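Following: one structure in C-alpha cells, then a few remarks.
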Amino acid sequence: MNILNDILDQDLDPTETREWTEALDAVINADGPERAHFLLERLVDATRRAGGHLPFAPTTEYINTIPPHLEAKMPGDPTMEWRIRCLIRWNAMAMVVRANRKPGELGGHIASFASSATLYDVGFNHFWRAPSENHPGDLVFHQGHSSPGVYARSFLEGRIGAEQMDLFRMEVAGKGRGLASYPHPWLMPDYWQVPTVSMGLGPLQAIYQAHFMRYLENRGLIPQSDRKVWCFLGDGETDEPESLGAISLAGREKLDNLIFVVNCNLQRLDGPVRGNGKIIQELEGVFRGAGWNAIKVVWGSYWDPLLARDTNGTLRKLMMETVDGEYQACKAFGGAYTREHFFGKYPETLEMVRNLSDDDIWRLNRGGHDPHKVYAAYHSAVHTKNMPTVILAKTVKGYGMGAAGESLNPTHQQKKLDNEAVRHFRDRFRIEIADDKIDDVPYFHPGKDSPEVKYMLERRAALGGFLPQRRRKSAAFEAPALAAFEQITKGTGDREISTTMSFVRGINLLLRDKAIGPHIVPIVADEARTFGMEGMFRQIGIYAPFGQKYRPQDADQLMYYREDQKGQVLQEGISEPGAMSAWMAAATSYSNSNVPMLPFYIYYSMFGFQRIGDLAWAAGDMRARGFLVGGTAGRTTLNGEGLQHEDGHSHLLAGAIPNCRAYDPTFSFEVAIVMQDGVRRMLHEQEDCYYYITVMNENYAHPDMPKGCEADVIKGMYLFKDAGKAKKNEPRVQLLGSGTILREVIAAAELLEKEFGVSADIWSCPSFSELRKDGFDAERWNRLHPEGQARVAHVTACLADRAGPVIAATDYVREYADQIRAFMPDGKKYTVLGTDGFGRSDTRENLRRFFEVDRYYVAQAAIAALAAEGKMSAKDVARAIKTWKIEVEKPNPLNV
Ligand SMILES: Cc1ncc(C[n+]2csc(CCOP(=O)(O)OP(=O)(O)O)c2C)c(N)n1
Ligand SMILES: [Mg+2]
C-alpha cells in the first residue's frame, strides 16, 4: 500500500469529518445532488491547486447517470410504441426461425436484437433523421447481427414484403431482392450505408465519419448542422482494439456529433463479457478518461422506488459489489433466485423487496429495456456540447426468449426455436396469431392502415423519411483530360525522378483544378515528408479543428508546419487504421454527405493491405471511391528498411478485392494515365471502384509517353519497345516487367542483344491483376458461349503473334506475375521471376541479385527458356551463367 493510501485510511479528526459530511448531506437534501456536485468540484479544484494529489476515480456509482428528476420526458404514446416493438421483435425472430427451418442452415441471430430492440426503437421513433431537404441526415451504424430487427421494422413500414423477408440470407435465389445477412452496401446499395459486422470496424469508422463531417463543415463544403453519427456496438465488441483504439481522437476533437451506444447485455458469443467484473464500469472509466461524456443506463423505472428508499446506500453498495456473471444468472434463474442470491445478501435489501412477489422481482427491468430511460439518455446525448457521448445501456441477451435463450450462455447462436419456445414468445409479446397457425411462425403485419403502422409512418415522416437508406450517386465532376497532366506525361530527359514525385505532382495538378481541387483530400499517417508532400503543409494546410494555437518551430521556413481549421491535408498521426478510416469516410462522402471527395491516402505499402486488410475489404463493400497509394513499394526498392518494411505482396492482397484496381507503374506517364483514368471513373462516371497504386523512391529518367498506349496501360499491358522485324535465325524473347524491375528487364534486353544476339520485345505490365481479371473473364465467356464469337484475353492478344518464350520479372512475389500464366498463347513457355522470401536491408543492387530479379537473372532466364525450346543449347545457358556471374549454389531466397 502506498503512503497516500495509508494517510487516507486514517481519520485524524472524526468530529471534523462528521461536520463536513453533515454539511454535504444538508446541501443534498436542500438543493439536490447537482449542487453538491458543483461544490465538490470547487473543493477539488482548490485542493489540487494547493498541491493535493486527489485520488482519481474514473467511475461513478453503479446507477443511472441521469437521476429520475432530470430525465427528459419521452413524447409520443408509450403503449403504442411498446406494441410496435412487440411486432418488430416477433417479425425479427420469425425471419430467423423461418430461415432456419428451410433446408440450407442459413443461420442468423435472435438474441442480440432481442436485447437491443428498445435501443433501436427509441432512435427510429424519436431521434434519427433521414436525409431530406431540411436535414443532411444522421448516419447510423447498426450492430451487424441485429439486422433482422432492422428488416422487421422495414417490413412493418411496408418497405419490405413478406416474400422478401423470406429471402433473408438468400441473396442468390433472391435475384437482387435477397436480404443480406448483415449490413452490406455492396449487396443492398439503396439500403445499408456502412458494413459493421466485422467487429470493431464500425466503432472505428464511426469516429472518423464524425471527424470527417467536421472537416467538411470546417472547410465550408457542407453547412454546419446538428447531424450525428450514431454507432451501436456490443459490449463484447469493445474488446476489439479497433473499437476503443481511436476514442481519444473523438475526445480530443470534441466530436459532439458522435454518439456510441454500447449494448451491454453482459454476454458475448461463448459466455459473459466480464463475468468477474462489470463491463459498464470498465467502459465508463475508459471513455471518461478519453474525454467522453459517459451516460449509464443501468436500471429501468421499476427500480426507481427501490433506489429512492435506499437512504443508507446498502442497495447501491450491493449493486456495486455484484459482478456481471451474477447479474446474468439472476435473469436466467428468475425472481426467487434473485431474491435469495442478490437481495438476500443484506438484511436491509432483503427487507426492501419483502412486499414484492418473485414475479415482481423478475420484472425489475434493466435500463436498456426501458424506453423512458433510453429516451432520456438519447435526449441528453444529442444536447451534449463539446464532447462525444457514450451510452452504456444494460440489457438482457435473448430478452423474451424465455427458456430457449434468455440470459443463457449459448443464446447467441440460438436460431431454431422449437414450437414451444415460439408460443412462449408470442404470449410474452401478445402477438395475435392463433394456435393452429403458430407452428409456421408466420410474419405478423397489422395492416397498412392499422394505428401501429400509421404511427410508425408519422414518426418517420416527422424525421424526414425512412431509414436506413443509402444514396448511390451524387453530383458528377468533369474529369480533366490527360493533357492536363502534361507535366508528368512528358519525359524528364536526363533528369531523374521517382514515381512518388510524379504522383505528388499529379495531386498538385489536381489541386489546381478549380472544380476538383477543393475536393481532393491528401491523407497521411505521419509520413508526408517520407513521400515529399511537406510542401502541402504550407500550401493547403493541415486540418486542425481548432486551428493552430502555437507558433510552429519552423515558422521561418518556406514549408512550415501549418495547421488550420480550414486545412485540407488530413494528418492522422501514426495510425494506419485511423488514416484508412478517414480515407473511407472521404471516399464515401458522395453517399453519406452528398459531396463527392477524392481522397489520396499515401503510406508505406507494407503497412497497407496486410495491416488494414479488413478495412480495405469493407471499403470495397462500401463502394468507396478514392486512391490508396503504397509508397516506396517493392521488396528490393525500399532497400534500407529491411524485412518489416519491404513489401512484396500488397498487390496480391489488393487484387483480391473485387472492385479495387491495382497498378504498379514504372514511368511517370503511366502514373498520369492511371490517375486520370481513376478521376474519370470515380468522379465523372461515379463508378464504385477504388485504386491502389504503388509508387517508388528510386530515381531514374522517364521517357515520353508512347503514342496511343493509354488504353493498354489501363488494361495492364502495353508494348514498350518493339524489337522490330526478326532477323533470320535470330532468337527472340518476350520480356515483361512492372515497377522498378521493368528497368532491369530493359537492361536485360540490352545484355541479351549484346552477348547472345537475342532480340527482345519489351512489355510494360502496370497491372498483372487487371490482366488476370480480363483473362478469366474472357475464358469464362468462351466456356459458356461455345458457338459465339470467341473473346481474346488482352495478354493473349498481345503475345499471339510474337515469337519466343515469355519471361516476366517484378519486385513482388512470383504469384503476382504468375497470374497471367493461363492466358499465354498455346505452346508459349512462361518463366516468372519474383521476390519470394523475407526482405532484408542492403543496396538495391545487392537485393536484386539476392532475390534473382536483376538484369542478369532476367537475361539468364531468357537464355534458359530459349534452350528449353531448343532454340539455344545447354552450353549457351552455362555461358550465360558464367558471363553474368550467376551463383548456382546460392540457396533459394524463399528459405533464407
Ligand atoms: C472480427 C470479428 N470477430 C468475430 C466475429 C463473430 N461474432 C459475431 S457476434 C459475436 C459476439 C458479439 O458479442 P457482443 O459484441 O457482446 O454483441 P451482442 O451480440 O452480445 O450484442 C462474435 C464473436 C465477428 N463478427 N467479427
Ligand atoms: Mg454482448
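The values are calculated or read from the model by the stated rules, or taken from the named source; none is laboratory data. Just so it is clear, the model here is predicted, and its values are computed rather than measured. Cβ atoms come from the backbone with ideal geometry, glycine included; neighbour counts cover every protein chain shown. Just so you know, the surface numbers come from the protein's heavy atoms only, side chains and all, with ligands and any DNA or RNA stripped out. Shrake-Rupley method; radii C 1.70, N 1.55, O 1.52, S 1.80 Å.
Scanning the range 575-598 for residues that are assigned to a helix (DSSP H, G or I) and under 16 Å from Leu249 (Cα atoms) yields Glu576, Pro577, Gly578, Ala579, Met580, Ser581, Ala582, Trp583, Ala585.
Which one of Val261, Val197 is within 16 Å of ligand 1 (Cβ to nearest atom) and at pLDDT below 95? Let's see the steps before the verdict.
Numbers: Val261 fails: at pLDDT below 95.
Exactly one of Val261, Val197 is within 16 Å of ligand 1 (Cβ to nearest atom) and at pLDDT below 95, namely Val197.
Against the condition among the charged types (D, E, K, R) and surrounded by fewer than 19 Cβ atoms within 10 Å (Cβ to Cβ), how does Glu770 come out, does it pass? Please lay out each step first, then the result.
On the way: among the charged types (D, E, K, R): yes; surrounded by fewer than 19 Cβ atoms within 10 Å (Cβ to Cβ): no.
Considered against the rule, which asks whether it is among the charged types (D, E, K, R) and surrounded by fewer than 19 Cβ atoms within 10 Å (Cβ to Cβ), Glu770 comes out as no.
Gly137 meets each of the listed conditions (1) open to solvent by 10 Å² or more (accessible area, probe 1.4 Å); (2) assigned to a loop (DSSP other than H, G, I, E, B); (3) more than 16 Å from ligand 1 (Cβ to nearest atom) apart from (1).
When Val261, Val197, Val229, Val172 are checked against the criterion of being free of Cβ contacts under 8 Å to residues at least 24 places away in the same chain and either of a type outside the set (S, T, N, Q) or open to solvent by 10 Å² or more (accessible area, probe 1.4 Å) (or both), Val172 stands alone in meeting it. Taken together, Val27, Val96 contain a single residue that is closer than 30 Å to His445 by Cα and either open to solvent by less than 70 Å² (accessible area, probe 1.4 Å) or at pLDDT below 95 (or both), which is Val96. So is Gly76 open to solvent by less than 50 Å² (accessible area, probe 1.4 Å) and outside any helix (DSSP H, G or I) or not? Answer is no for this residue. Taken as a whole, the condition of being modelled with pLDDT of 95 or more, in contact with a helix residue (DSSP H, G or I) (Cβ under 8 Å, 6 or more places away or on another chain) and either over 28 Å from Asp235 (Cα atoms) or within 16 Å of ligand 1 (Cβ to nearest atom) (or both) does not apply to His126.
Picking from Leu249, Leu244, Leu255, which residue would you name as being farther than 25 Å from Lys415 by Cα, at pLDDT 95 or above and within 13 Å of ligand 1 (Cβ to nearest atom)?
Values: Leu249 fails: within 13 Å of ligand 1 (Cβ to nearest atom); Leu255 fails: within 13 Å of ligand 1 (Cβ to nearest atom).
So the residue among Leu249, Leu244, Leu255 that is farther than 25 Å from Lys415 by Cα, at pLDDT 95 or above and within 13 Å of ligand 1 (Cβ to nearest atom) is Leu244.
Looking at the structure I just gave you, is Ala861 modelled with pLDDT of 95 or more, open to solvent by less than 20 Å² (accessible area, probe 1.4 Å) and not hydroxyl-bearing (Ser, Thr, Tyr)? Talk me through it step by step, then tell me what you get.
Values: modelled with pLDDT of 95 or more: yes; open to solvent by less than 20 Å² (accessible area, probe 1.4 Å): yes; not hydroxyl-bearing (Ser, Thr, Tyr): yes.
So Ala861 passes the test.
Out of Gly277, Gly220, which single residue is part of a loop (DSSP other than H, G, I, E, B) and either surrounded by 23 or more Cβ atoms within 10 Å (Cβ to Cβ) or within 16 Å of ligand 1 (Cβ to nearest atom) (or both)? Please lay out each step first, then the result.
Working: Gly220 fails: either surrounded by 23 or more Cβ atoms within 10 Å (Cβ to Cβ) or within 16 Å of ligand 1 (Cβ to nearest atom) (or both).
Within the list Gly277, Gly220, the selection yields Gly277.
Annotation: of all residues in the range 13-66 being part of a helix (DSSP H, G or I) and among the aromatic types (Phe, Trp, Tyr), the one that is farthest from Ala377 (Cα to Cα) is Trp20. Residues in the range 237-250 that are more than 16 Å from ligand 2 (Cβ to nearest atom) and surrounded by fewer than 21 Cβ atoms within 10 Å (Cβ to Cβ): 3 in all.
Remark: pairs (first residue in the range 819-832, basic (Lys, Arg); second residue part of a helix (DSSP H, G or I) and open to solvent by 30 Å² or more (accessible area, probe 1.4 Å); Cβ separation under 8 Å; 6+ apart in sequence or on different chains) = Lys829/Ala868. Assess whether Phe425 counts as being open to solvent by less than 50 Å² (accessible area, probe 1.4 Å) and part of a loop (DSSP other than H, G, I, E, B). Against the criterion (open to solvent by less than 50 Å² (accessible area, probe 1.4 Å) and part of a loop (DSSP other than H, G, I, E, B)), Phe425 does not qualify. Pairs are defined by a Cβ separation below 7 Å, a sequence spacing of at least 6 or placement on different chains, a first member in the range 205-216 that is more than 19 Å from Glu576 (Cβ to Cβ), and a second member that is open to solvent by 10 Å² or more (accessible area, probe 1.4 Å) and among the aliphatic types (A, V, I, L, M); the pairs so defined are Leu216/Ile222; Leu216/Val595. Would you say Asp811 is part of a loop (DSSP other than H, G, I, E, B) and in contact with a Ser or Thr (Cβ under 8 Å, 6 or more places away or on another chain)? Criteria met by Asp811. Of the helices (runs of 4 or more DSSP H) entirely within the range 442-553, those holding at least 3 residues that are surrounded by fewer than 20 Cβ atoms within 10 Å (Cβ to Cβ) occupy 451-462, 499-512, 535-540. Screening Phe212 with (1) assigned to a helix (DSSP H, G or I); (2) in contact with a Leu (Cβ under 9 Å, 6 or more places away or on another chain); (3) within 16 Å of ligand 2 (Cβ to nearest atom) gives one miss only, at (3). Within the range 627-644, the presence of at least one residue that is over 28 Å from Ile520 (Cβ atoms), among the polar types (S, T, N, Q), open to solvent by less than 10 Å² (accessible area, probe 1.4 Å) and not in a helix (DSSP H, G or I) is confirmed.
Restricting Glu406, Glu432, Glu420 to those that are within 16 Å of ligand 1 (Cβ to nearest atom) and of a type in the set (Asp, Glu) reduces the list to Glu406.
Considered as a group, the residues in the range 223-241 that are touching a Pro at 6+ places or on another chain (Cβ under 7 Å) and part of a loop (DSSP other than H, G, I, E, B) include one that is nearest to ligand 1 (Cβ to nearest atom), and that residue is Arg227.
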